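Worksheet for the structure shown next.
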Amino acid sequence: MKLDVRLRTDLVHAARDAAEAEEIGFDGAWTTENQCDGFLPLALAAAATDRIELGPSVAIAFARTPMTVAYLAADLQRLTAGRFRLGLGTQIRPHVEKRFSMPWSAPADRMREFVIALRAIWTAWETGDPLDVRGEFYTHTLMTPAFRSPPHPFGPPPVLLAAVGPRMTRVAGEVADGLLAHPFTTERYLREVTVPLVAEGRTRSGRTEPFEIGLSAFVATDDAEVAAVRRQIAFYGSTPAYRPVLDLHGWGELQVELNRLSKQGRWDDMTSLVDDEVLATMCCVGTTSEVAAELWRRYGDIADRIRFNLPGDVPPPARWSVLVEAMRAQSQASRSASRSSSSRRSAPGSASPSD
């Protein structure tokens, strides 16, 4: 399992945070496109690092076109010598239409076409073949040699899609290289809903390439962090689009009540509805070692990468150094246990699986 960290928003911190994350032992560092551009800090982070993977989590696809994203991604893939990961998401309709002044329709179908167009542009640059994208949402038919992105030996970057609903999750399996799961999820929802939907998408497209599942898992090690996570769960839980997660656990009516209170601005009352059972199901709570053990227990066999999610201001990477050490220790213990189990099964006289 790869361990990821979120870079602080301000450009001033990008290089320092990325270098610190690499020194601590993180495998990936990601920007969040809330208060600043999701790509620009990565150029600074790339120049300050040699090993760590870098990407936006997530860049808003529908605020751009496939061509603009193709150039940005190619530039960063070249700059990072192949360490770039392209995380894309849709945002929601009001933001796309009213904040970015861009068109919105059929988000799952539009995202599918967006990624297909991206790959067609990258292929045209690599091969020199004519560019011929003629879709329902995007048309790209002009690419002269003067406007081809300069060649590089690293290939196109992996594309990871943020997905919540079933249609977008299937699209991720169908056209992407990975999925970035929303923080408002549970181990059970991932196993029973998300992973099967990804598999449906991959079956539909026939894709057999490796596929990554990335999590942004809630964690809390003291009372203040527990309170912050409760507030965030209540906020997310008020959104109708996230109700399927609650429905799976028999908590669907909680979404109705949270939504009602949110419309009245009763935020404190909302938080009080997130009881200990809901909290424990959505968040790993305890000491650092207990949190690390629980993250491995829940997600060690299902997540390819994980980021520690603590609502509020983004801390510097050093905040997580002890938890990173604990996660590495858990990984080592897991490998040792696996080797021991394998040795017992293969030892002379040991029982075979059919015995």
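The values are calculated or read from the model by the stated rules, or taken from the named source; none is laboratory data. The shown structure was predicted, so the numbers you read here are calculated from the model rather than taken from an experiment. As a convention, Cβ positions derive from the backbone with ideal geometry for all residues, glycine included, and neighbour counts pool all protein chains shown.
Kindly establish whether VAL12 is without any contact (Cβ under 8 Å) to a residue 12 or more places away in the chain and farther than 18 Å from ALA73 by Cα.
Values: without any contact (Cβ under 8 Å) to a residue 12 or more places away in the chain: yes; farther than 18 Å from ALA73 by Cα: yes.
Answer is yes for this residue.
For region 14-29, does any single residue satisfy the condition of being modelled with pLDDT under 95, under 19 Å from the mean Cα position of the chain (by Cα) and either surrounded by fewer than 22 Cβ atoms within 10 Å (Cβ to Cβ) or assigned to a loop (DSSP other than H, G, I, E, B) (or both)?
The first filter runs over region 14-29 and keeps only residues modelled with pLDDT under 95, leaving none.
Within region 14-29, not a single residue is modelled with pLDDT under 95, under 19 Å from the mean Cα position of the chain (by Cα) and either surrounded by fewer than 22 Cβ atoms within 10 Å (Cβ to Cβ) or assigned to a loop (DSSP other than H, G, I, E, B) (or both).
Scan region 258-294 for residues that are free of Cβ contacts under 8 Å to residues at least 60 places away in the same chain, assigned to a helix (DSSP H, G or I) and in contact with a helix residue (DSSP H, G or I) (Cβ under 8 Å, 6 or more places away or on another chain) and the total you get is 13.
Here ALA228 passes the criteria (1) free of Cβ contacts under 8 Å to residues at least 40 places away in the same chain; (2) of a type outside the set (Lys, Arg); (3) in a helix (DSSP H, G or I) except the one numbered (1). If the condition is being assigned to a helix (DSSP H, G or I) and of a type in the set (Phe, Trp, Tyr), then region 110-155 contributes PHE114, TRP122, TRP125, PHE147. If we scan region 317-333, do we find a residue that is within 21 Å of ALA234 (Cβ to Cβ) and modelled with pLDDT under 95? So far as region 317-333 goes, no, none of its residues is within 21 Å of ALA234 (Cβ to Cβ) and modelled with pLDDT under 95.
Looking at region 177-214 only, could you name the residues that are closer than 26 Å to LEU246 by Cβ, assigned to a loop (DSSP other than H, G, I, E, B) and in contact with a strand residue (DSSP E or B) (Cβ under 8 Å, 6 or more places away or on another chain)? Answer for region 177-214, where residues must be closer than 26 Å to LEU246 by Cβ, assigned to a loop (DSSP other than H, G, I, E, B) and in contact with a strand residue (DSSP E or B) (Cβ under 8 Å, 6 or more places away or on another chain): HIS182, PRO183, THR185.
Residue-by-condition table, conditions (1) under 20 Å from the mean Cα position of the chain (by Cα); (2) closer than 25 Å to GLU53 by Cβ; (3) free of Cβ contacts under 8 Å to residues at least 60 places away in the same chain:
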| position | (1), (2), (3) |
| --- | --- |
| LEU72 | yes, yes, yes |
| LEU86 | yes, yes, no |
| GLY89 | yes, yes, no |
| MET102 | no, no, yes |
| SER105 | no, no, yes |
| MET111 | yes, yes, no |
| LEU118 | yes, yes, yes |
| ALA124 | no, no, yes |
| ASP129 | no, no, yes |
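Among the residues making up region 91-109, those that are part of a loop (DSSP other than H, G, I, E, B) and modelled with pLDDT of 95 or more are PHE100, SER101, MET102, PRO103, TRP104, SER105, ALA106.
Quick check: anything in region 239-253 assigned to a helix (DSSP H, G or I), out of contact with any Gly (no Cβ under 6 Å at 6 or more places or on another chain), hydroxyl-bearing (Ser, Thr, Tyr) and buried (at least 17 other Cβ atoms within 10 Å of the Cβ)? Within region 239-253, one or more residues are assigned to a helix (DSSP H, G or I), out of contact with any Gly (no Cβ under 6 Å at 6 or more places or on another chain), hydroxyl-bearing (Ser, Thr, Tyr) and buried (at least 17 other Cβ atoms within 10 Å of the Cβ).
Can LEU3 be described as of a type in the set (A, V, I, L, M), surrounded by fewer than 22 Cβ atoms within 10 Å (Cβ to Cβ), modelled with pLDDT under 95 and within 30 Å of VAL219 (Cα to Cα)? Working first, answer last.
Details: of a type in the set (A, V, I, L, M): yes; surrounded by fewer than 22 Cβ atoms within 10 Å (Cβ to Cβ): yes; modelled with pLDDT under 95: no; within 30 Å of VAL219 (Cα to Cα): yes.
The answer is no for LEU3.
Just one residue in the set ILE121, ILE116 is crowded, with 19+ Cβ neighbours inside 10 Å and of a type in the set (Val, Ile, Thr); that residue is ILE121.
For region 204-225, how many residues are over 18 Å from ALA163 (Cβ atoms), buried (at least 17 other Cβ atoms within 10 Å of the Cβ) and of a type in the set (A, V, I, L, M)? Count: 2. Beta carbons closer than 7 Å, at least 6 apart along the sequence or on distinct chains, pair a first residue in region 54-67 that is part of a strand (DSSP E or B) and at pLDDT 95 or above with a second that is among the charged types (D, E, K, R) and surrounded by fewer than 24 Cβ atoms within 10 Å (Cβ to Cβ) for LEU54/ARG83; PRO56/GLU33; ALA59/GLU33; ILE60/GLU33.
Which one is nearest to ILE92 (Cα to Cα) among residues in region 129-151 that are small (Gly, Ala, Ser) and surrounded by 12 or more Cβ atoms within 10 Å (Cβ to Cβ)?
Applying the filter and picking the extreme gives GLY135.
Considering region 169-203, and only residues there that are surrounded by fewer than 23 Cβ atoms within 10 Å (Cβ to Cβ) and among the charged types (D, E, K, R), the residue that is nearest to VAL159 (Cα to Cα) turns out to be ASP177.
Number of residues in region 295-321 that are in a loop (DSSP other than H, G, I, E, B), over 29 Å from ARG16 (Cβ atoms) and touching an Asp or Glu at 6+ places or on another chain (Cβ under 9 Å): the value is 1.
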